[in-house]
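First comes the structure, then the notes that go with it.
The values are calculated or read from the model by the stated rules, or taken from the named source; none is laboratory data. Please read these numbers as outputs of a predicted model, since none were measured by experiment. Reconstructed Cβ throughout: ideal geometry from the backbone, glycine too, with neighbour counts over all protein chains shown.
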Amino acid sequence: MPTIIDTIYTIILFLFGMIFIWNFYSMRNKFAVRSLLCIGIILIRSALQIKFYNDLMYLKLVTFFIIFSTCTVILFRCDKFKFLLCNILFTSIGMLSETIVVILLSLSHNLSVYEFHADIPKEMLSYVYSTLLTFLMISVANIIIRKKFKKSEHNFSGYELAFYIVIVIFEVFVIYTLPIIFKNRLLDKILLVLAIGFSILNLTVYFMFMRLAESRKIKEENRLMKQQSEMQLKAYEEISKQYNESLSFVHDMRKHIHSLDSLIESSTDAQAKEYQQRLYSELDRFYPSFRNDNQMLEVIINNEITEAARHGIEIELNIEKVDLNFIAAIDMTTIFCNLIDNAIEACCEIEEEKKIKISIIKQMNYITINIKNPYKKINRVSDNKFCTTKDGHTGIGLNNVRKAVGQYDGSLNINTDNNIFAVTVIFQIK
């Protein structure tokens, strides 16, 4: 009977843990099927525990943490290793809640911890109170997290993870080892104080780390803003350069036209026509190949067409007459420059079919921007997240784009099927 109650208690703890993790990470596809897989893993762990190590507290805690972490990866889209801090916090909460309840109940019944565990009805009662205390502590943590932090801000460093692991290992050693070495009632009271103190310490350190993560996020945003400003400045410098070239060309055109008049007057028609064609060709160089009502979009697309041509890359356009004036110039630069620059970089790495397809269309009440390019290799961090393969680059271009798109409640999706990197940005027309 106690083993059945212990199994039920473990499953309830897993459920609480999954709810806690959900505050930070989104669920994977086919969540129901994955949940059944996790339930099967939990039941196998419980069966092995009953058979081999039901009285080994260290092993019970370690296997709980391993299975809990495994199920977290199966059910949620987690950052590499950083989710372990959440799992460690929750595991420590479960361990300390159980310790606090057992010691309180043993003291209230004037029993030692060992005598209490030998009394099966009282031990079963401890599972109930442990579940309630764990639920209370997790609820408090969830309330604070939801109030103070967002899912995207849950970004801990490896050093913080290592430090937290050391703290919890020390706590486990103290809680599980001291009662074996010193068996007396006074120690139970000391352990009660330590368990309460450890619980407060774990939550305090955890939220301190979250504050540090928030501070890092602000620093990262400042870096992104600086990059955006530099990109906008580059775009305006290109406009200024083209304008100055146009002025210079117009100045020289006066002399060319005067020379053409002289040729015509001297009846050298063949030379005049040839000279005239050269003038038209020179003039075409300054005439934009892409025209749009949005001046910033026009400048960006034309600049990218010129840049792509230098690398032997063709850009195919399918851009309808769509009003994009709701997007600020700096965000327009961030979105299109980053995405098209990435596409050009990818095409430079391949030998054939160097073509980028850009489409901007209006469907129903939505504006869809789609950019496709072939690629040789990509570095996938997680679903819909990639890092750069370019030397000397920070790899935050797509993060810039996501931030800019998000300012207008838009969505960004990436598909990499058949060696085609396809980025789709969707805005709802309001």
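Table for the structure above
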{"item": "Hits in segment 96-138 - residues which are within 40 Å of the chain's Cα centre (by Cα), farther than 15 Å from Ile5 by Cα and not hydrophobic (A, V, I, L, M, F, W, C)", "result": "Ser97, Thr99, Thr134"}
{"item": "Criterion: assigned by TED's automatic domain parsing to the domain that holds Asn142, among the aromatic types (Phe, Trp, Tyr) and at pLDDT 80 or above - qualifying residue of Phe170, Phe182", "result": "Phe170"}
{"item": "Tabulated pairs, segment 404-418, first modelled with pLDDT of 90 or more, second small (Gly, Ala, Ser) and surrounded by fewer than 15 Cβ atoms within 10 Å (Cβ to Cβ), C-beta under 8 angstrom, 6+ apart or interchain", "result": "Val405/Ser411"}
{"item": "Thr388 vs. criteria at pLDDT 85 or above, in contact with a Ser or Thr (Cβ under 9 Å, 6 or more places away or on another chain) and β-branched (Val, Ile, Thr)", "result": "no"}
{"item": "2 or more residues in contact with a Cys (Cβ under 8 Å, 6 or more places away or on another chain) and either in the same structural domain as Leu161 (by TED's automatic domain parsing) or within 21 Å of Phe198 (Cα to Cα) (or both): qualifying helices (runs of 4 or more DSSP H) within segment 1-115", "result": "2-21, 31-48, 57-75"}
{"item": "Condition broken by Met27, with the remaining ones in (1) more than 20 Å from Met95 (Cβ to Cβ); (2) without any contact (Cβ under 8 Å) to a residue 12 or more places away in the chain satisfied", "result": "(2)"}
{"item": "Of residues in segment 16-57 being charged (D, E, K, R) and over 26 Å from the mean Cα position of the chain (by Cα), the one farthest from Phe156 (Cα to Cα)", "result": "Lys51"}
{"item": "When residues of segment 30-54 are limited to those that are of a type in the set (Ser, Thr, Tyr) and touching a residue at least 12 places away in the same chain (Cβ under 8 Å), the one surrounded by the most Cβ atoms within 10 Å (Cβ to Cβ)", "result": "Ser46"}
